[in-house]
Every structure is written in structure tokens, then in C-alpha cells.
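Have a look at the structure below before the remarks.
The values are calculated or read from the model by the stated rules, or taken from the named source; none is laboratory data. Being a predicted model, the structure only gives us computed values, none of them experimental. A quick note on method: Cβ atoms are made from the backbone with ideal geometry, for glycine too, and the neighbour counts reach across all protein chains shown. These accessible areas exclude ligands, DNA and RNA; they are computed on the full protein's heavy atoms, side chains included. Shrake-Rupley method; radii C 1.70, N 1.55, O 1.52, S 1.80 Å.
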Amino acid sequence: MPQTLYDKLWQDHVVHEEADGTALIYIDRHLVHEVTSPQAFEGLRLAGRKPWRASSIVATADHNTPTSDWDRGIPDPVSRLQVETLDANIREFGALVYLPFRDPGQGIVHVIGPESGATLPGMTVVCGDSHTSTHGAFGCLAQGIGTSEVEHVLATQCLLQKKSKNMLVRVDGVLGAGVTAKDLALAIIGRIGTAGGTGYAIEFAGSAVRSLSMEGRMTLCNMAIEAGARTGLVAVDEITLDYLRGRPLAPSGADWDRAVVAWQRLHSDQGASFDRVVELSASAIKPQVTWGTSPEMVVSVDGRVPDPAAEADPARREAIERALRYMDLKAAQPVSEIWVDKVFIGSCTNSRIEDLRAAAAVVRGRKVAPSIRLAMVVPGSGRVKQQAEREGLDAVFRDAGFAWREPGCSMCLAMNADRLEAGERCASTSNRNFEGRQGAGGRTHLVSPEMAAAAAIAGHFVDVREWLGQEK
Amino acid sequence: MEKFVRLEGIVAPLDRSNVDTDAIIPKQFLKSIQRSGFGGNLFDEWRYEDVGEPGMDNSQRPVKPEFVLNQPPYQGATILLTRRNFGCGSSREHAPWALADFGFRALVAESFADIFYSNCFKNGILPLTLPAAQIDELFAAVEATPGYRLTIDLAAQRVRRADGEELPFAVDAFRKECLLNGWDDIGLTLRQADRIRAFEEKRRSEQPWLFA
Ligand code: SF4
């Protein structure tokens with residue numbers, strides 16, 4: 001019977017299945033960060049257990065780490081303790097790779113996994129972090145788990161779960177200039193809603209997805225969780241192989257050749273059946289901007305914020321009203337008339353080299369608007385930062401008035417000092433516009449790196465497509 | 001893990017959809033390396049006037065009287081009634097830890113986000129779903145009767161209303177067994193250690209690059 005990519009990955013990892021369909025799934029790669037692991041390691045210690053296979057672990061500190069003045073360490077003592085706890089746990093229990101605070105390779109866990117080759121096609125990848133879906137861009141089964149599950153994987157190298165349903169999101173056609181994987185992700189969420197993918201593994205396919213770079217595919221799979229799906233997937237192809245070849249932890253020599261043969265089957269078979277199919281036309285997608293407090297509250301940049309009076313369903317109307325109140329927006333206000341206070345280019349959604357290049361191309365030769373209080377670029381990892389500096393992108397950003405920072409999660413969730421103050425409005429390349437996400441009372445608009453860069457220059461949202469070809 | 005067999009308790013209504021885990025427990029409290037002590041900061045931004053930070057004495061902070069958990073009829077509530085897609089967003093298990101620490105043992109909603117849903121079962125919390133129409137009725141009943149109570153019988157998979165009406169709900173057999181017995185699933189899985197080892201050895205010989 002023809003199988004989906006998800007069916008194959010699932011089947012390849014079932015160790016045992018209970019009568020009710022609950023299965024024991026073998027885990028190949030375990031990514032670990034400081035926020036969701038301390039209680040898991042503590043649980044292991046209390047039970048007198050050891051990691052089943054410490055060499056499956058790749059760990060880093062990213063959520064709490066500061067993005068400036070690294071020579072001063074981590075000033076917040078509570079954050080520091082959490083990072084030091086990870087240091088101590090890795091020292092005690094071991095890992096294949098550990099990239100601690102201030103290591104030149106340190107970065108956001110979902111950026112360093114792929115760039116080091118720790119994420120490979122055909123693997124199961126877990127992390128105590130919902131954006132683990134990112135890694136599915138490599139044709140692997142990647143999912144976010146809770147801390148009890150982190151402990152379970154540490155102790156048993158397995159996860160207990162039931163199989164999800166299959167969803168296919170097919171995007172055919174060509175994305176227009178200035179329209180990115182981020183816009184595609186937001187458009188999909190706008191279509192199916194933040195619970196649309198709940199209970200499904202989403203495979204992204206179609207010619208528009210095939211022509212995305214690995215960076216773009218990662219952005220897309222990253223946001224699968226924002227559509228409710230634990231797992232996002234893209235089939236393996238030449239683009240995948242080109243990205244992986246020569247990565248430090250990727251196989252080489254004869255092993256590479258064998259691996260490539262094994263990876264050839266990591267796609268959905270012709271005629272495989274999906275429980276749900278959603279189709280979008282790439283050419284119809286415009287740059288997207290979220291206006292509300294959920295990623296599904298999104299419109300095109302040339303559109304307007306909704307008018308609750310036009311919403312017939314009372315529950316929806318109330319949700320719109322509440323979001324407009326929180327966001328301090330007027331009903332039916334044009335998106336282009338929304339002014340921002342801060343701009344954040346970073347996060348596991350959009351902090352890879354390609355994102356920084358795209359943002360820099362918009363910024364080059366221009367200046368950040370005087371009304372902007374802070375525009376910052378936070379590279380996803382040390383490697384991304386070094387690469388960007390080799391290309392002179394840091395100078396482009398600095399010359400324009402952006403702050404150029406050290407890698408980490410930063411203002412994506414504001415666990416460190418980078419945050420919005422109450423009432424501040426931000427154009428952000430991150431993934432969540434929830435109330436308070438970037439700081440208590442802060443207001444987040446999710447956009448692509450290009451759109452964030454343009455908002456920094458103009459001071460308000462602009463359609464970046466109008467700037468194309470007008471290099472300064 | 002604490003067993004969950006039968007629960008009779010006060011229902012607190014949280015009448016909104018898409019409640020995310022950032023709202024359930026804001027990020028500043030994720031810096032803790034403990035599993036407990038999160039209850040005082042459950043729904044922190046909705047519950048208090050000021051911005052909470054770890055280490056504050058919550059009893060001294062100004063509360064928002066309009067927030068449901070601050071209202072007298074819902075003191076001591078053990079059941080949270082809410083709408084669609086509860087627990088979406090971040091995978092932080094601090095969310096169920098905070099709910100449990102506050103005193104909630106059961107959540108009744110139209111739907112839950114996947115990761116949050118499984119996190120609940122690991123912490124002795126029963127998240128159960130009912131059809132939208134029944135959720136609407138329950139909200140109406142709670143509003144009409146402050147201090148409204150429900151009985152949840154996990155073994156029978158029934159929610160019993162005060163008027164005697166019974167609402168059946170579905171739950172996976174395996175998860176139900178674990179909750180009823182308070183089983184630690186790591187212990188259960190380790191009984192399969194031989195199977196895991198055999199699987200691992202086969203995989204290692206066929207795809208050695210996965211074990212580099
Ligand atoms: S960048 Fe943001 S979404 Fe990504 S792992 Fe860090 S905190 Fe989570």
C-alpha cells in the first residue's frame with residue numbers, strides 16, 4: 001500500500017505497540033536546552049537512572065543567555081543557575097555535543113541541530129521545545145515534547161505515543177518576489193487556524209515547497225506547531241543532500257553513499273492517502289502581517305485589521321475585540337498605518353544566514369527610522385554570526401542603526417534582558433504573538449525578515465515588494 | 001504520580017479559546033529548576049495588576065478582581081472549564097505543573113493542543129473533551145449556579161452533572177490505565193528494555209551513521 005512520508009518514518013521507529021495503538025517509538029536524536037531539562041535530569045537522578053544513550057544528546061544553552069556583554073556572564077542569578085544546572089547535568093550524564101554559553105558554536109537549539117548535521121533524514125528527533133517541528137524540513141520525524149517526556153527519552157530512548165493523522169499541505173506555483181517561506185507559513189495558518197493541524201503530522205509539498213531552500217523549509221516546518229501540528233515534514237531531495245554534505249556530524253565517505261540510498265525513499269508514495277488535504281496557490285500569497293494575539297490573526301500587508309462589527313459569530317467577535325484592545329488597534333485600520341517601536345530579527349523561525357542576507361538587502365544603504373526605539377538582529381547561532389560577519393552583513397545592519405547581537409532566543413520569548421516594555425509594539429520575525437510573549441504588555445506583529453527590515457526603515461509596516469529593485 | 005479515579009469539585013469557567021501556555025505560566029517563571037511552586041503564578045498576567053517576577057510574595061500583590069480565579073465562588077475549584085485549543089503554543093510542562101499546583105485535577109474543554117494534552121496525563125491531570133454544545137451548556141450552568149460542581153468518574157468515562165445527567169467522554173485505554181493506577185510510565189517502558197535494545201542493535205548495524 002502506498003505510504004506517506006510520515007507513515008514510513010513512524011513505522012521505521014516502532015519498537016512495540018499496545019492493543020490501543022499506543023506505541024513505543026525509538027528516538028535517534030535528543031536535543032536539550034536549559035529551560036525544559038533540569039527537572040528531567042533531576043527525575044533521572046532521584047530514580048537512580050542513567051541516560052540510555054548519552055551519545056544521542058546534543059545540548060546547548062539558548063533561552064536564558066544574554067545577547068550582549070558576554071564578558072560579564074549572565075547577570076540574572078535565576079537564569080544563571082538554570083544555565084549552570086545544564087552545565088552540571090551534562091558533565092554528570094554526558095552528551096555527544098554540548099555547546100555551552102559563550103562557546104563559539106552556541107546558538108538556538110533548532111539552528112545548531114541542522115547546521116551541525118546532528119539532524120539527519122530518517123531520524124526521530126525530539127526536544128523539550130515545541131519548535132522541534134523545524135527539523136522535519138530534513139525528512140525526519142521531529143517533535144516537541146514535555147519535560148516528563150524528556151525524562152522518559154533520557155531513561156529509555158523511547159517515547160510513548162499514538163500515531164497522528166496525515167495532512168498534506170500542497171503549495172503549487174511560484175512565490176512572488178519579496179514573498180517568503182514565512183509568509184507562506186502565516187498564510188497557511190491563516191487558512192487552517194492554530195488548531196487546524198491538531199492531531200496531524202503535516203507534510204508540506206508542491207512545487208513552491210520543492211523550490212524552497214533548506215532555510216525556507218525550516219521556517220515553514222518551524223511554524224507547523226503554530227498550526228497545531230507537533231510535526232511538519234518535507235520530503236528529502238537534492239536540496240536536502242546539498243545542505244547536509246560535509247556538515248560535521250553528517251556521514252561521510254562510504255557511509256554517506258549508503259545513507260543517501262536509504263534517504264531516497266523518504267517521500268510520500270504516489271497515491272498515498274492523507275486524512276486531510278489543503279491546497280494553496282503560491283502566486284496568490286502576499287507578504288503577511290499578524291494583527292492580533294494568535295498567529296491565525298493574520299492579513300496581507302495591503303489589507304486592513306478586521307472590523308469586529310462585520311463578524312457574525314459572537315465568540316469570534318469577542319475574540320477580535322479583545323485582541324484589538326490588547327494590541328491597541330482600531331477596527332478596519334490599514335496595516336500600513338501601524339507604527340512600531342521595536343524591531344526584532346531573530347528566533348528559530350528566521351535567524352539563519354539566508355534570513356539575515358534577505359534583511360540586509362533591504363537595509364543596505366538605508367537608515368532605521370528615528371521613531372524606532374530599538375532595532376536588533378540576533379543571529380541564530382555562533383556559526384551564523386561568523387558567516388554573516390564574513391559577508392559584512394553586520395556592518396550593513398550597524399550602519400543602518402541596528403544593534404548586532406550575540407546568538408540566542410533573545411526577544412522571541414524575552415527570558416533574558418531583551419524584551420518589550422508594556423505597550424511597546426514590535427515587528428518581529430519570531431513565531432508567537434501571544435499576549436505578553438515578548439514582554440508583559442508587549443504587542444507583537446509577526447512578519448518575514450524582509451518585512452521587519454522594511455518596517456525598521458519606514459517606522460511602520462510597508463509592502464516590501466514596493467522596495468524591490470530600488471537599491472539605495 | 002498521583003492517581004486519578006473519581007473527582008467531585010467546583011468548576012471554574014475560563015471562557016475563551018486558544019488559551020496558550022505563555023498565558024498559563026509566563027516565561028519568567030520558567031527559570032525555576034523545580035517542578036513545584038508554580039501555582040501562585042498560574043495565569044499571572046490575567047490574575048495580577050503588576051508584572052510578576054520569580055521570588056515575589058504573591059499574597060502581597062494587587063489582584064484583578066474581574067479575573068475568574070480571583071472571584072469568591074471559584075475558590076477551591078478543582079475543575080477548569082474552557083473552550084477550544086486550550087494549552088496551545090509552547091511545550092512547557094510548567095503549564096500543567098502550575099495548574100496542578102493551583103489545585104486543578106481536571107480540565108474540561110472542546111479541544112486541547114497536542115503537547116499540552118500529553119503533558120497533563122504525566123502529571124495526574126485529566127484533560128477531557130466534550131462536544132461544543134455540551135460545553136456551552138456547562139458554561140450556562142456554571143454562570144447560573146455559582147459554586148457549580150461536577151463529578152468526573154474516569155473508570156466509567158462519565159461526567160456527572162448536578163442534575164444527574166451523564167456526559168460520556170473518550171480517553172485512550174493506555175493513558176486511562178496509567179492515571180487510574182498512578183503509574184510512572186518510565187518504569188513501564190523499562191520492562192521493554194530487551195525489545196528496545198534489540199531494536200537499537202539492528203538499527204545500529206543497518207544505519208551506523210545514526211549512531212555517530
Ligand atoms: S527562538 Fe523562540 S521559539 Fe525558538 S526555541 Fe527559542 S524561544 Fe523557542
Could you list, in sequence order, all residues of the range A:366-393 that are surrounded by 20 or more Cβ atoms within 10 Å (Cβ to Cβ) and part of a helix (DSSP H, G or I)? A:Gly382, A:Arg383, A:Val384, A:Lys385, A:Ala388, A:Leu393
Anything in the range A:394-415 that is among the aliphatic types (A, V, I, L, M), assigned to a helix (DSSP H, G or I) and either closer than 26 Å to A:Leu81 by Cα or without any contact (Cβ under 8 Å) to a residue 40 or more places away in the chain (or both)? List them, or say none. A:Ala395, A:Val396, A:Met411
Within the range B:1-45, considering residues that are aliphatic (A, V, I, L, M) and assigned to a helix (DSSP H, G or I), the one farthest from the other protein chains (Cβ to nearest Cβ): B:Ile24
Would you confirm whether any residue within the range A:34-48 is open to solvent by less than 30 Å² (accessible area, probe 1.4 Å), in contact with a His (Cβ under 7 Å, 6 or more places away or on another chain) and aliphatic (A, V, I, L, M)? yes
Within the range A:344-365, restricting to residues that are part of a helix (DSSP H, G or I), more than 16 Å from the ligand (Cβ to nearest atom) and not aliphatic (A, V, I, L, M), the one that is least open to solvent (accessible area, probe 1.4 Å) is A:Glu354
Do any helices (runs of 4 or more DSSP H) lying entirely in the range B:65-178 carry at least 3 residues that are over 22 Å from B:Phe4 (Cα atoms) and within 14 Å of chain A (Cβ to nearest Cβ), and which ones are they? B:132-144
If we keep only residues of the range A:403-442 that are on the phi > 0 side of the Ramachandran plot and facing chain B (nearest Cβ under 10 Å), then the residue farthest from the ligand (Cβ to nearest atom) is A:Gly441
Working only within the range A:394-420, note down all residues that are open to solvent by 30 Å² or more (accessible area, probe 1.4 Å) and modelled with pLDDT of 95 or more. A:Ala395, A:Arg398, A:Asp399, A:Gly401, A:Arg405, A:Glu406, A:Arg419
For residues that are assigned to a helix (DSSP H, G or I), within 21 Å of the chain's Cα centre (by Cα) and within 9 Å of chain B (Cβ to nearest Cβ), scanning just the range A:131-181, find the one that is farthest from A:Arg45 (Cα to Cα). A:His131
From the list A:Asp328, A:Asp313, A:Asp341, A:Asp302, which one is modelled with pLDDT under 95 and either more than 14 Å from chain B (Cβ to nearest Cβ) or more than 16 Å from the ligand (Cβ to nearest atom) (or both)? A:Asp313
Out of the residues in the range A:1-20 that are at the interface with chain B (Cβ under 8 Å from one of its Cβ atoms) and part of a loop (DSSP other than H, G, I, E, B), state the one that is surrounded by the most Cβ atoms within 10 Å (Cβ to Cβ). A:Glu18
Would you confirm whether or not the range A:103-117 contains a residue that is away from the ligand (no atom under 16 Å from the Cβ), in contact (Cβ under 8 Å) with a residue 12 or more places away in the chain, out of contact with any Ser or Thr (no Cβ under 7 Å at 6 or more places or on another chain) and under 19 Å from A:Ala201 (Cβ atoms)? no
When the range A:80-102 is examined, which residues are found to be within 16 Å of the ligand (Cβ to nearest atom) and more than 13 Å from chain B (Cβ to nearest Cβ)? A:Leu99, A:Phe101
Can you find a residue that is within 13 Å of another protein chain (Cβ to nearest Cβ), farther than 30 Å from B:Phe199 by Cβ, assigned to a helix (DSSP H, G or I) and small (Gly, Ala, Ser) anywhere in the range A:52-69? no
Specify the residue that is farthest from the ligand (Cβ to nearest atom); the eligible residues are those in the range A:197-227 that are among the small types (Gly, Ala, Ser), in contact with a strand residue (DSSP E or B) (Cβ under 8 Å, 6 or more places away or on another chain) and open to solvent by 10 Å² or more (accessible area, probe 1.4 Å). A:Ser207
